[in-house]
Structures are given as C-alpha cells and as structure tokens.
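In what follows, a single structure is set out as structure tokens and then discussed.
Taken together, the values in this text are just the output of simple stated rules run on the coordinates, not laboratory data. This is a predicted model, so every value here is computed, not measured. Backbone-built Cβ (ideal geometry, glycine too); neighbour counts: all protein chains shown.
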C-alpha cells in the first residue's frame, strides 16, 4: 500500500517537474508574443501576464505594432533582405561541399588524408581570424556591403562543417554501388548525379536546415561585411540597431522579434526530424 | 575508384579555392598584421600582444570568457542530461522536448531581446513590466537592475540567455545516446535490486561519458567565441565585455587593426587545444 502511494507521489512529482521546466522555457517567448499585440500605453503600464488575469482595461489587443515595425522601422525590408542573403548562402556552400566530399570519399589521389584533416581543422578557426584581410579585399573590389559579398563569405564559413558531415555520410555508402557502376563504364559525374546525390538526400536536407538557420540567425558576419546600411541589412542587424534606438518601446521590439523568428520556427517545426538527425550526424558520429 | 589523375582535383577545386581564400589566407594574414600598428604600416613587435594580455578591459574580457566557459558549459551539459533522462519518463516527451529545443531556431539577437524584456527594470514603486522583477515585487523584494549589477549578476544573466538557447541541443544529443542504451541492461540492474539512482550513476552515466565529452568540447569552442548576446544586451558595458566583442570594437570603433588582429589570434590560441582534442578523436575513429 505505502509502496503504491509512494509510486503515485513520485509520478506526480515527475510530472510537476517536467511541466515546470517546459513552462520556464516557454514563458519568455510567450511574453514577447503577447506584448507584440498590446497597445504601447498598456505595455508601459502593466506586465504582459496581466492579460491572463482578465482585468478589463489591460486586455486590449492591436496589430498596430506590426504595421509600424514593418513599414516605418524597416523590418519589412530587412525581412526580404534576410531571404535574399540566406537562400544563396545556403545553396552555394552545399553544392561545393557535395563535390568535395564525393571526391574525398571515393577517389584516390595525392595527399587525400592530409587535405581532409586540414579541412576538418578549419572547422574551429574563429571567423575573427579572417575579418580584416577579407574586408580589405571586399572594400577594394566593391564586394563590401553587397549581397554577393556576404554569399561568398557564408560559403567560406559554412564549408568545413558541410564537407565534414557530407564526408561522413557519403563515405559510408556501400562500396559495391560504386564498383558496379564503374565496371559498367559510368563516369564520375554520372555516378555523382545518379548514385551519390539521390542517396544523400537525408543528409542534404539536414545540412540545408543547418545552414539556413545559421545564416538566417547570423549577426556578426552581416555586421562585418554589410555594415549597417539599411538597404542590405538582414533582420538580425536591423533588430540589433532598433534595440539601440527603441530600447524601451517593447511593443515594437517584440513585434520585430516575432516577425524575425517566424521563418526559422516554420523551418524548425516543419523539418525538426531532419534537423535532429543532422545534429546527431555532426556531433555523435564526429 | 579508378579515375584520371586530374578528375579529383576538378571536384575539389571550388572547395579548395573558397577555403583558401576565406579561411587559410586571411588567417595567416591576420597573424602577420598582429605585429603591426593600427594602420598596418609600422612593425611594432609584440606590443599588441602585451596590450591584449595586460589591458584592464581585456583582462575583464578574459575573466568573463572564463566565466562563460565554466558556467555555460556546465549548465547546458548538465541540464541537457537531466532533461533527456527526465523527459524520457513521460508520455508527452515529444512535446516538452520540442519546447526546450525550440530556442535553437531563434537567433541570439532575438533571444537577447526576449530576455532583455524578462530582465526589464523599473524603479521601486512603479509597476514592473519585466516578469523577473514583478516576481520579486510579489514578495516585497525591491527590483534588481539585472543587466547593470556588476560583475556577477549581470554576467550570469547573459549566460542564462545562452543556456536557454543551447540546452535543447545538448538534450537532443543526450536523448539519442540515452535511448541507444539497451533496455535489458537497465532491467538486469533492476532485477539485481539496484535503485533508479544507483542505475543512473553506475550504468547510464558511464555509458554517456563519450557523448558528454563531445558536447562539452563543442560547447567550449562555441562559447569562447560568444558575441551576439553581449553585443545586443550590454555591448560589453558594466564589466560584461567578452573577447569577440572587444575584437569587433577594436576593428570598427577604434579602427586599430593591429590590436584587433592580436585579439583574434588570442582567440585562436584559446580554441586550439580543444581543436587538437577533436582532431585526435576523429583520427582514432577513422
């Protein structure tokens, strides 16, 4: 009898702890979501949680914050810029890494192991080591403050991880596939297109999500190579400058934040399975 | 696979070109620049390094990075492990895991705004709109200026933001390796009369140690380069400076390319031991 009571008690405690943790993790985001729909004067006078107490005059909602943020504060523009930056900066490194990982996994050539080790070692080079020389070259060639400039930069920074993860996956494909294809006289490019690419879809999906989220959420690389110019600034740069100029206007900041996290949350929840798989491929196998 | 000698290099050349241009060449050049003055015209020997390791703000930055490494790594890894094991025991595991994992999709910039709002401070007597100070007010405790109270409260408050984002990552990785432990093993221990606590420490934990060490090194490498959170929330004011933010300031605000190069090199030196550990692990596995 007491044993059963104990079990029920410990189950209850477990649920209580788990739900408490989930709430703790969720509350900051809910605060932002609620605040982004409240009128400015309410936000300044009462906490966002009071809307749940249902005290009449603090429960008012508006879309006005979103309107102001999108049109007047440049978040609309920045949001589009983020897409213009992110899509090529995701696809270009992926393509280049696929070619490299294929060669490294299935071709024999001089210094192959050394080249692979160097590429992996580059994983940990802080980007800070590269900013000054590259920015100087970008300034001279007119690439600073342009989209192609930042596409290239993200390509360089994203490559080591992409090559490493693709290598792990592609080198694990069954050897027989490659042997029989080359006996049949298929050339390397045909094998790449017809065997490597289709079989690598899962890891390609994981990497695409990784790189997408990485570039979408990046602040530092954009600050360095794009500067603060609103014409090209992505949403992260725009928000960080709003924090400086509208630091107390929480209804505006929260609306801006919420807009900025919609695409990444959509990608995240839609493709969480691939995302998790990618993390596991990158950290456990590695 | 037998191919003509040139073919592997065709596949590799885009990657080699990009890595060479964006990582290898600039890293070497930055190292070179770190021995020159602010405009890179006069050779100054080690004086930039003397500055880096003796300047007061730099020493604060090193201290804070050490704090980040210790507290951030310990908390993300510890909580990740605890959550993975706890959540495994409830039926709504998928939901709570998604909630804790979700901040991974949010940029550090947005996470910083989200938490700045949690930490919002108003003088005593005025209605608090930050949930943390409102919570204190309930118990009659006077409000705390979370991001200004130096040096421990504000730095720890910044670390918490990072922990909120990255715990989900550790949890997901732990969860995968926890679930790969054969259930018979745990059953056998139970049959032998071991309690849950004992099973955790004698069976589960030892099996998770490889995962733990991979995660810890990943977190350390990552957090040594922490930038966005500090840049957005305090910009290094009130003794919250970190190395990466200092490097950015030296580069863009003070325009001292010698010093900022030396800071980048210092960052590389800090990351290198961890990188060597990782390389050794990869080599052993191959």
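Largest first and in whole Å, what are the equivalent-ellipsoid semi-axes of segment B:186-286 based on the Cα gyration tensor, each being the root of 5 times an eigenvalue?
43, 19, 7
Could you work out, residue by residue across B:163-169, how many beta carbons of other chains sit within 10 Å of that residue's beta carbon, and then give the average as an integer?
2
Relative to the longest principal axis of the C-alpha atoms of chain A, give the angle of the C-alpha long axis of helix A:250-270, reported between 0 and 90° and rounded to the nearest 10°.
The answer is roughly 40 degrees.
Given C-alpha coordinates of segment B:67-240, what is the ratio Rg to Rh with the Kirkwood estimate of Rh?
Here Rg/Rh amounts to 1.06.
Quick one: helix A:112-121 against the long Cα principal axis of chain A, what's the angle to the nearest 10°, folded into 0 to 90?
Tilt of helix A:112-121: around 20 degrees.
Using only the Cα atoms of segment A:88-132, build the gyration tensor, take square roots of its eigenvalues as a ≥ b ≥ c, and label the shape rounded, prolate or oblate: rounded if a/c is under 1.5, else prolate if a/b is larger than b/c, else oblate.
oblate
Rounded to whole Å and ordered largest first, report the semi-axes of the equivalent ellipsoid of chain A derived from its Cα gyration tensor (root of 5λ).
43, 31, 16
For helix A:2-35, report the angle its Cα long axis makes with the longest principal axis of the Cα atoms of chain A; keep it between 0 and 90° and round to the nearest 10°.
For helix A:2-35, the angle is close to 90 degrees.
Using only the alpha carbons of segment B:48-157, determine the length spanned along each of the three principal axes and report them from longest to shortest in whole angstroms.
Principal extents (largest minus smallest coordinate, Cα): 57, 42, 23 Å.
How many Å³ per residue does the convex hull of the Cα positions in the protein assembly as shown occupy?
Given the Cα convex hull of the protein assembly as shown, per-residue volume reads 178 Å³.
Can you give me the orientation-averaged projected area of the convex hull built on the Cα atoms of segment B:220-276, in nm²?
About 4.0 nm², averaged over all directions.
Within a 10 angstrom radius of the beta carbon, how do A:53, A:25 rank from fewest other beta carbons to most?
Sorted ascending by nearby Cβ count, the order is A:53, A:25.
On a C-alpha basis, how far is the centre of segment B:173-237 from the centre of segment A:87-109 in Å? Whole number, if you could?
32
Given 0.36 nm per residue, what is the gain on full extension from residue A:136 to residue A:15 after removing their alpha carbon distance, in nm?
37.9 nm
Sort largest first and round to whole Å: the equivalent ellipsoid semi-axes of segment A:125-169, each the square root of five times a Cα gyration tensor eigenvalue.
One finds semi-axes of 25, 12, 6 Å for segment A:125-169.
When the helices in chain A are scored as -39500 (n - 2.57) per DSSP H run of 4 or longer and the sum is shared across all residues, what 222 nm value do you end up with, to the nearest 500 deg cm²/dmol?
Mean residue ellipticity, 222 nm, calculated: -23000 deg cm²/dmol.
Would you mind ranking B:28, B:157, B:170 by Cβ crowding within 10 Å, fewest neighbours first?
Lowest count first: B:28, B:157, B:170.
Find the Rg to Rh ratio for segment A:72-199, where Rh is the Kirkwood radius over alpha-carbon pairs and Rg uses the same atoms.
Taking Rh as the inverse mean 1/r over Cα pairs, Rg/Rh reads 1.08.
Taking square-rooted eigenvalues a ≥ b ≥ c of the alpha carbon gyration tensor, is segment A:15-89 rounded, prolate or oblate, where a/c under 1.5 means rounded and, failing that, a/b exceeding b/c means prolate?
Judged from the Cα gyration tensor, segment A:15-89 comes out oblate (a/c at least 1.5, b/c at or above a/b).
Can you compute the helix-only [θ] at 222 nm over chain B? Use -39500 (n - 2.57) per DSSP H run of at least 4 residues, normalise by all residues, nearest 500 deg cm²/dmol.
-20500 deg cm²/dmol
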